[in-house]
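Here, each number is a calculation from the coordinates, and none is a lab measurement. This structure is a prediction, so every number in the text was calculated from the model and none was measured. Here the Cβ is made from the backbone with ideal geometry for all residues, glycine too, and neighbour counts use every protein chain on show.
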Amino acid sequence: MAYSEKVVDHYNNPRNVGSFPKDTPYVGTGLVGAPECGDVMKLQIKVNPATGVIEDAKFKTFGCGSAIASSSLATEWLKGKTLAEAAKIKNTDIVNELKLPPVKIHCSVLAEDAIKAALADYQAKYGAPAAAGAATT
Amino acid sequence: MAIRFPIFMDAQSTTPCDPRVVEAMLPYFTEKFGHPASRNHPFGWEAEAACDEARAKIARLIGARDPKEIIFTSGGTESINLAIKGVAEMYREKGTHIVTTAIEQRAGIDTCKRLERQGFQVTYVPVQPNGLVDVEDIRRAITDRTILISVMFANNEIGTIQDIAAIGRLAKERGIIFHTDATQAVGKIPVDVEAMGIDLLSCTAHLIYGPKGVGALYVRRKGPRVRLAPLIDGGGHERGMRSGTLPVPLCVGFGRAAEICREVMAEESARLRALRDRLQDTILSNVEETYLNGDPERRLPHNLNVSFAYVEGESILMGLNREVALSSGSACTSATLEPSYVIAALGASSELAHSSIRFSLHRFNTEEEVDFVARRTIEVVRRLREMSPLYELAKEGVDLKSIQWKAE
């Protein structure tokens, strides 16, 4: 299968790879997928508690090139968004941006799940800031 | 010597035609274009003689007594279909039970699945963690209704070589027809249908430096005389077992490829084994938690299959694919989106099936290529581990099995 240029670019130059140091405050972490399914994504957001704006994001992914690209793109999009805005990112946005073929749509679904899991983890730890509104589904 | 890119190290999927094979084929496209079944003029005689000579060369390569025992088909898949379905239909009165293994190539597995839907019973004998079938398990699977034992000679993914001679003896003892899918073994390691008690053997040209589009089925004529119901009806070619005009240039190419393989096998397998061992040693000694799939000894000399823990196979291939052609057992590289059932059958966790990479060497690979592939593979795996959450967790001492994974 041929990969889209954007997938190749994210695979070769992944944005925001890594993890925040364990004791960093105002971090929400999502860990989704399963090793036996061949895809695991860890996505972290670092939030400004006063504004509810995501100031930084990081990822680590076990998975195919499209899974790596989907999570790399997600971190790029998350930065600068409020928690409420972040909750609106849809897997179809990722599919369109990366031109993922049908067999790779599950990679984008997993990236959306990872965003949701990171947001939920943040909100469980620190509560929903006023600016975020009611972003629960 | 300068390396030419991309490097092909996926020789268990196909091989390039040997230039000597192409040379032998060429006249049969143009001036020697006759139909081998044309009995009444020199064009036909010439074509028939060429096909019979090719049959004789293939027969010699596999130790068959009589070139007439070689039936040409369109390839390995058709040969396997013809062998299994042909026996099933022909001997249905005698019994409806087939014994095969869990790691057969898809043509074998799917043919058996279809027969099951048509009322046959099939036992898929499991393999041991080293990828080898215990012959005693086959013995135990046999019933008085068993009409066929079908066991692959060497596996297409992990290269393990089954004890075909022992299975052949068992089949003789019980009076059961024995088919082996030898597509990966013929031309690479010694195969002898007489010494090994093989009644039906499937093979294909394109894995032995011959052309795509032609295969063969060896069908024993004596002790026992095996009969097959044809899949394709028509002019009654190939002793009535496979009608259709023979693709003469392809048959000639197959014959020439078989002849070359027989001549060079000893030297070539030793050379490829040394290259494979070099590749294996470099990778295994430089990357921790890398596991060899399949028995370390009873394996094709040109095969290496390893799982790199914590990284996914397709992502490794993607890091290499501009320079090196390999294949993976990961779900993402298969049409079915399932990870390799062969690696899974070894009892390995499916995570390791997703992480498996197959390197398969061929006649034209060089030591420089092997060194390059080893070096780049190590680099790519290390880079991907740095971005793997599983590697990070494992480094922190977390047991990955203790985590409640939220699968979709």
If I take all pairs of Cα atoms in segment B:19-260, what percentage of them are more than 29 Å from each other? 26
Ratio of Rg to Rh over segment A:2-102 (Cα coordinates, Kirkwood Rh, two decimals): 0.97
Starting from the Cα of residue B:406, step 7 Å along the direction of its Cβ; do the same at residue B:116; then give the gap between the two resulting points in nm. 3.6
Might you list the cysteines of chain A that have no disulfide-compatible partner by the rule of another cysteine's Cβ under 4.7 Å? A:37, A:107
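So for the protein assembly as shown, Kirkwood radius off the Cα pairs, Stokes-Einstein at 25 °C and 0.890 mPa s: how many µm² s⁻¹?
Details: Rh = 25.7 Å.
For the chosen part, D equals 96 µm²/s.
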Based on other C-beta atoms within 10 Å, arrange A:54, A:68 from fewest to most. A:54, A:68
Just need the relative contact order of segment A:5-126 here, percent rounded to a whole number, with Cα pairs under 8 Å and 6+ apart. 31
Cα point-scatterer Debye curve for segment B:121-231, base-10 log of I(q)/I(0) at q = 0.16, 0.23 Å⁻¹: -0.75, -1.41
Size of chain B as Cα extents on the principal axes (Å, biggest first): 77, 56, 36
Taking H as built 1.01 Å from N, whose amide H comes closer than 5 Å to the amide H of residue B:134, not counting residues under 5 places away? B:128
Name all residues of segment B:184-212 having a backbone nitrogen under 20 Å from the label point set 7 Å from the Cα of residue B:227 along its Cα→Cβ direction, giving them as ranges. B:199-201
Output the antiparallel fraction of DSSP beta bridges having both residues in segment B:19-260, as a percent to the nearest 5. 40
Suppose each label sits 7 Å from its Cα in the direction of the beta carbon; what would the residue B:270-residue B:33 distance come out to in nanometres? 4.6
Compute the helix-to-body angle for B:367-386: its Cα long axis versus the longest principal axis of chain B, expressed 0 to 90° and rounded to tens. 50
Residue by residue through segment B:388-402, what is 3J(HN,Hα) from phi via Karplus (6.51 cos²θ - 1.76 cosθ + 1.60, θ = phi - 60°)? Round to whole Hz and write x for glycine and proline. 9, x, 6, 5, 4, 4, 5, 5, 7, x, 7, 7, 4, 6, 7
Calculated from DSSP H runs of 4 or more alone, at -39500 (n - 2.57) each and per residue, what is the 222 nm mean residue ellipticity of chain A, nearest 500? -12500 deg cm²/dmol
Checking A:119, A:83, A:100 against a Gaussian network model of chain A (alpha-carbon springs below 10 Å), the top fluctuating residue turns out to be A:100
Pairs to check: A:58/B:401; A:79/B:406; A:22/A:46; A:125/B:401; B:32/B:68; A:60/A:88. Give those whose C-alpha atoms are more than 19 Å from each other in this structure. A:58/B:401; A:79/B:406; A:125/B:401; B:32/B:68; A:60/A:88
Taking placed amide H atoms and a strict 5 Å upper bound, the residues 5 or more places from residue B:160 or on another chain that come that close are B:155, B:300
Amide H contacts under 5 Å for residue B:34, placed H, 5+ residues apart: B:47
Expressed as a whole number, the average count of other chain Cβ atoms within 10 Å around the Cβ atoms of B:312-319 is 6
Calculated from backbone phi, Karplus (6.51, -1.76, 1.60) coupling profile of segment B:206-219 in Hz, x at Gly/Pro: 6, 8, 10, 6, x, x, 6, x, 9, x, 9, 10, 7, 10
